[in-house]
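One structure is given here, and the rest of the page talks about it.
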Amino acid sequence: MFEFNIFAQDFLNISTVIPSTLALALLILLISIALGGVLAFIEQKRVFVLWKVSQLFRSFLRGTPLLVQLYLAFYCLPVVLQKAALLAYLPFNQNDFNPVYTVIVAYSVHFAVFQSEIIRGSFLSVGYGQIEAAQASGFSFFQTMRRIIIPQAIIEALPNFFNSYLSVIKSLSLAFLVGVVDILAKAKLESALNFRYLESYAAAATAYWLLCSIMTYILGIYEKLIRKRA
Amino acid sequence: MLALKNIRKSFNGTDVLKGISLKVNEGDVVTLIGPSGTGKTTLLRCVNFLEKPDEGEVQFSNFQLNYSHAKKKEILRLRRKSAMVFQQYHLFKNKTAIENVMEAQIVVQKKTKKEAYENSLELLNKVGLVEKKDYYPSQLSGGQQQRISIARALAIKPEILLFDEPTSALDPELVGEVLNVIDQIARTGATILLVTHEMSFAQSISTKVVFMDHGEIVEEGPPSQIFNHSNRLRTKEFLKHFTNNYQKTTSL
Ligand SMILES: Nc1ncnc2c1ncn2[C@@H]1O[C@H](COP(=O)(O)OP(=O)(O)O)[C@@H](O)[C@H]1O
Ligand SMILES: [Mg+2]
């Protein structure tokens with residue numbers, strides 16, 4: 001039956017990978033926000049040809065599972081980098097390539113599509129009236145952006161970015177399949193030693209759940225703070 | 001001083017402004033009246049290039065611009081000559097009342113924070129809202145927001161103040177406080193171009209009233225002429241709609 005001792009031991013062991021999982025997810029989140037910003041800009045401004053490419057890209061990323069994208073990246077990225085390195089006369093061995101880089105690339109690109117929509121929506125939420133008010137007072141485009149639009153867009157976007165952070169953390173459980181150890185992967189490794197599957201997966205579930213609850217609580221405080229203004 | 005010469009503007013092939021020429025002398029209060037959809041808002045928006053006129057010229061005391069070939073820099077200069085008060089206030093929602101008034105002084109006029117702050121306190125005092133200086137727009141009534149937006153407009157010391165129906169979005173009981181503030185500003189010698197449907201207010205505050213219809217100026221003159229002695233059919237027809245609440249809504 002369910003052995004609480006084993007569960008507790010598994011939970012402790014799993015806890016050791018929580019910081020690295022959080023850090024990896026944060027890195028992915030930040031890169032995906034930057035990429036998403038670029039995508040949003042390209043599509044909003046209809047940048048020559050690029051915006052068509054961006055739409056194709058978006059449609060592909062939304063139309064295929066993350067796991068498939070991860071496998072594609074896992075088999076393509078090292079080969080592509082190897083070829084690129086050859087051309088540039090750089091030393092590179094695809095067999096030494098750490099799969100964590102593959103995860104970072106695949107996930108950042110995958111989530112960039114969602115971030116670009118969050119960013120677009122948050123900019124639209126500022127409303128044209130305030131922009132015109134700034135322009136009528138003689139603000140330049142960049143002054144309007146920096147002083148009026150971006151500060152409000154960030155406040156609007158933050159809760160959504162926060163939710164994507166939680167999605168990234170949970171999605172990282174797939175990264176086990178290319179050999180990156182996160183919370184779920186750690187649980188699998190634990191149970192491989194003692195065959196106590198139920199305890200280790202329960203421990204993993206508890207770890208995810210706790211993380212998400214803590215973050216949701218923090219988000220709640222933030223939203224209460226900003227609601228005062230809006 | 002503001003002079004507009006032959007302003008033309010069309011939207012999708014419909015002529016909205018059909019060659020408007022208009023002069024507002026220093027210290028004058030010129031009121032634009034006319035039916036909805038006549039182009040009053042569009043005309044005000046053309047003055048500061050929120051709307052790009054197809055043709056026409058604008059002249060301030062020491063600045064002149066032909067709209068059909070305006071460069072970015074000139075547009076910025078043009079915009080710094082005037083200030084606009086919008087029907088829907090359009091305050092910056094992420095800033096407090098006093099920050100709204102300070103903002104353009106810091107960003108556009110490059111004043112120090114301290115200077116802008118002190119100047120803004122004075123302006124908030126003028127519109128009677130010093131005690132609300134740290135409130136966000138969402139915490140203020142419509143009338144209060146509009147008074148803040150008037151203070152914001154005054155802050156850049158414009159050559160002319162443009163008001164586009166500043167009381168039309170307000171509950172009736174809040175109209176008076178805003179008209180009071182505008183009246184007080186007019187008394188200090190500010191140059192004003194105002195669009196309003198508050199006819200009794202227009203009559204008492206204006207040095208000149210301009211009646212517009214279908215993108216054209218039909219008639220202009222001192223308020224007594226337009227309101228009491230007009231012999232133009234279109235003007236009289238239009239004013240008939242207001243005779244009922246004409247005397248009643250004396251808001252001052
Ligand atoms: N951005 C726009 N695009 C298309 N038509 C517009 C636009 N702005 C105004 N119009 C049209 O121009 C006419 C004049 O509008 P407006 O200047 O708002 O009139 P007023 O302020 O006198 O009520 C209206 O018929 C309106 O529909
Ligand atoms: Mg209008």
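The values are calculated or read from the model by the stated rules, or taken from the named source; none is laboratory data. This one's a predicted model, so the numbers in the text were calculated from it and none came from an experiment. Backbone-built Cβ (ideal geometry, glycine too); neighbour counts: all protein chains shown. SASA here: full protein model, heavy atoms, side chains in, ligands and nucleic acids out. Shrake-Rupley method; radii C 1.70, N 1.55, O 1.52, S 1.80 Å.
Could you go through the range B:193-203 and let me know if any residue there is buried (at least 22 other Cβ atoms within 10 Å of the Cβ), within 14 Å of chain A (Cβ to nearest Cβ) and within 16 Å of ligand 1 (Cβ to nearest atom).
yes
Being buried (at least 18 other Cβ atoms within 10 Å of the Cβ), away from chain B (no Cβ under 14 Å) and more than 24 Å from A:Ser108 (Cα to Cα) narrows it down to one residue among A:Glu223, A:Glu199; which is it?
A:Glu199
For the range B:150-169: of the residues being within 16 Å of ligand 2 (Cβ to nearest atom) and open to solvent by less than 20 Å² (accessible area, probe 1.4 Å), which is nearest to B:Thr38 (Cα to Cα)?
Taking the candidates together, the pick is B:Asp164.
Suppose we keep only residues that are open to solvent by 10 Å² or more (accessible area, probe 1.4 Å) and either without any contact (Cβ under 8 Å) to a residue 24 or more places away in the chain or of a type in the set (Val, Ile, Thr) (or both) within the range B:19-43. Which one would you say is farthest from ligand 2 (Cβ to nearest atom)?
Ranking the qualifying residues of the range B:19-43, first place goes to B:Lys23.
Pick out the one residue from B:Leu44, B:Leu50, B:Leu78, B:Leu65 that is away from ligand 1 (no atom under 16 Å from the Cβ), within 13 Å of chain A (Cβ to nearest Cβ) and of a type outside the set (Ser, Thr, Tyr).
Going through B:Leu44, B:Leu50, B:Leu78, B:Leu65 in turn, just one is away from ligand 1 (no atom under 16 Å from the Cβ), within 13 Å of chain A (Cβ to nearest Cβ) and of a type outside the set (Ser, Thr, Tyr): B:Leu78.
May I ask you to list the residues in the range B:117-135 that are more than 18 Å from B:Ala104 (Cβ to Cβ) and open to solvent by less than 40 Å² (accessible area, probe 1.4 Å)?
Correct list: B:Gly128 only.
Listed here are the residues, each with its yes/no results for (1) touching a Phe, Trp or Tyr at 6+ places or on another chain (Cβ under 9 Å); (2) away from chain A (no Cβ under 12 Å); (3) outside any helix (DSSP H, G or I); (4) within 16 Å of ligand 1 (Cβ to nearest atom).
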| site | (1), (2), (3), (4) |
| --- | --- |
| B:Tyr135 | no, no, yes, no |
| B:Gln144 | yes, yes, no, no |
| B:Ser149 | yes, no, no, no |
| B:Leu154 | no, no, no, no |
| B:Ser168 | no, yes, yes, yes |
| B:Glu173 | no, yes, no, no |
| B:Glu177 | no, yes, no, no |
| B:Asp183 | yes, yes, no, no |
| B:Ala190 | no, yes, yes, no |
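Could you say which residue among A:Ile150, A:Ile169 is in a helix (DSSP H, G or I) and either within 14 Å of another protein chain (Cβ to nearest Cβ) or surrounded by fewer than 19 Cβ atoms within 10 Å (Cβ to Cβ) (or both)?
Residue meeting the stated conditions: A:Ile150.
Might you check whether a residue that is open to solvent by 30 Å² or more (accessible area, probe 1.4 Å), touching a Leu at 6+ places or on another chain (Cβ under 9 Å), outside any helix (DSSP H, G or I) and at pLDDT below 95 occurs anywhere in the range A:95-110?
Yes, the range A:95-110 contains a residue that is open to solvent by 30 Å² or more (accessible area, probe 1.4 Å), touching a Leu at 6+ places or on another chain (Cβ under 9 Å), outside any helix (DSSP H, G or I) and at pLDDT below 95.
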